[in-house]
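The values are calculated or read from the model by the stated rules, or taken from the named source; none is laboratory data. The model shown is predicted, which means the values in this text are computed figures rather than measured ones. Cβ atoms come from the backbone with ideal geometry, glycine included; neighbour counts cover every protein chain shown.
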């Protein structure tokens, strides 16, 4: 099994192919600011020097709900899907949330990502009935 580890400075370039799968465009992240951010935990799967998976857990406070988190940017490379890596990644992020006494974890998932939605439901997430709104600047 590939090595699951925290994101480190210098990983940004190796993440480009994964984020292209996720977003359809080339994205270069600021890995140094993510590594330094105490409100973010970013994990990667590494195999033979290549990054083949990524996921993040972002912590924040909500006045009516307390300390909560969001799963963001969960992605496994095309050649490695269907091997249980996504499940391992999500379960580890859930463990981290529990260790930090988080009260809830939220996520959004594109309805076209059927396998991802099945994974989230299989580990205990419940699909809500609210719509997602976004404002982009």
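Observations on the model:
- For segment 72-100, filtering for residues that are closer than 17 Å to residue 56 by Cα and in contact (Cβ under 8 Å) with a residue 12 or more places away in the chain leaves 19.
- Residue 90 being crowded, with 18+ Cβ neighbours inside 10 Å, within 20 Å of residue 124 (Cβ to Cβ) and touching a helix residue (DSSP H, G or I) at 6+ places or on another chain (Cβ under 7 Å): yes
- Flag if residue 2 is over 24 Å from residue 69 (Cα atoms) and under 16 Å from the mean Cα position of the chain (by Cα): no
- Of the strands (runs of 3 or more DSSP E) entirely within segment 39-137, those holding at least 3 residues that are more than 27 Å from residue 25 (Cα to Cα) and in contact with a strand residue (DSSP E or B) (Cβ under 9 Å, 6 or more places away or on another chain) occupy 50-62, 66-76.
- Within segment 110-121, residues that are farther than 14 Å from residue 23 by Cα sit with their Cβ atoms under 9 Å from residues that are at pLDDT 90 or above and in a helix (DSSP H, G or I), at 6+ positions apart or across chains, in these pairs: 111/117; 115/86; 116/86; 119/86; 119/87; 119/90; 120/90.
- Residues located in segment 8-30, provided they are in contact with a helix residue (DSSP H, G or I) (Cβ under 6 Å, 6 or more places away or on another chain), at pLDDT 95 or above and crowded, with 16+ Cβ neighbours inside 10 Å: 11, 12
- Just one residue in the set 57, 89, 85, 4 is at pLDDT 95 or above and closer than 21 Å to residue 132 by Cα; that residue is 57.
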